[in-house]
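Following: one structure in structure tokens, then a few remarks.
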Amino acid sequence: MLSGIPGYVDAFAKAFPKRKEPVSYDNVGKAIGAFERGLFTPSRWDDYLKGDSGALTAREKEGLRVFTNLGCMVCHTGEYVAARCTKNSASSSHGRIRTTRAAVPSPRLMATR
């Protein structure tokens with residue numbers, strides 16, 4: 001496990017100074033999540049946010065207007081257009097309906113999918 005690697009022990013102790021056991025599954029998940037949230041590909045959207053009104057096409061600006069007017073910005077906020085909420089999701093299996101809460105995905109890199 002990671003607790004056997006001195007470099008990780010030191011890094012986790014700095015990242016989670018108030019934890020008795022800083023190297024734990026929960027903290028590993030938090031560390032990976034923090035790392036992944038920092039990953040993004042700079043795009044024309046970033047240029048637009050910095051004030052370059054010509055960075056987006058007319059169609060993209062219209063999409064942004066619709067996105068905003070529909071209330072999508074309630075959950076998808078900030079420069080990453082990241083979800084800050086969850087939604088109910090229903091699925092059916094063998095005649096039984098199951099409802100779960102799921103994170104709303106970010107549409108930020110939709111064009112690359």
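The values are calculated or read from the model by the stated rules, or taken from the named source; none is laboratory data. Since we're looking at a predicted model, the values are computed, not measured. Here Cβ is always computed from backbone atoms with ideal geometry, including for glycine, and neighbour counts include all displayed protein chains.
Any idea how many residues of the stretch 24-77 are among the hydroxyl-bearing types (S, T, Y), in contact with a Leu (Cβ under 9 Å, 6 or more places away or on another chain) and part of a loop (DSSP other than H, G, I, E, B)?
The first filter runs over the stretch 24-77 and keeps only residues among the hydroxyl-bearing types (S, T, Y), leaving 24-25, 41, 43, 48, 53, 57, 68, 77.
Retained after the next criterion (residues that are in contact with a Leu (Cβ under 9 Å, 6 or more places away or on another chain)): 41, 43, 48.
Imposing the further condition that a residue be part of a loop (DSSP other than H, G, I, E, B) reduces the set to 41, 43.
Counting residues in the stretch 24-77 that are among the hydroxyl-bearing types (S, T, Y), in contact with a Leu (Cβ under 9 Å, 6 or more places away or on another chain) and part of a loop (DSSP other than H, G, I, E, B) gives 2.
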Filter result (hydroxyl-bearing (S, T, Y) and within 23 Å of Y80 (Cβ to Cβ)) within the stretch 4-50: T41, S43, Y48
I'm checking my understanding of the structure. Among residues of the stretch 2-39 that are over 27 Å from G78 (Cβ atoms) and β-branched (V, I, T), which one is nearest to the chain's Cα centre (by Cα)? V23
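Consider A55 carefully, then state whether it is surrounded by 12 or more Cβ atoms within 10 Å (Cβ to Cβ), more than 30 Å from S3 (Cα to Cα), among the small types (G, A, S) and at pLDDT 90 or above.
Details: surrounded by 12 or more Cβ atoms within 10 Å (Cβ to Cβ): yes; more than 30 Å from S3 (Cα to Cα): yes; among the small types (G, A, S): yes; at pLDDT 90 or above: yes.
Answer is yes for this residue.
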Name every residue in the stretch 36-52 that is modelled with pLDDT under 85 and acidic (D, E), in order of residue number. E36, D46
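Can you tell me which residue within the stretch 58-87, out of those that are of a type in the set (S, T, Y) and modelled with pLDDT under 75, is nearest to the chain's Cα centre (by Cα)? I'd like the intermediate steps shown before the answer.
So in the stretch 58-87, the residues of a type in the set (S, T, Y) come out as 68, 77, 80, 86.
Subset that is modelled with pLDDT under 75: 80, 86.
Working: Y80: 8, T86: 12 Å.
Residue satisfying both the conditions and the ranking: Y80.
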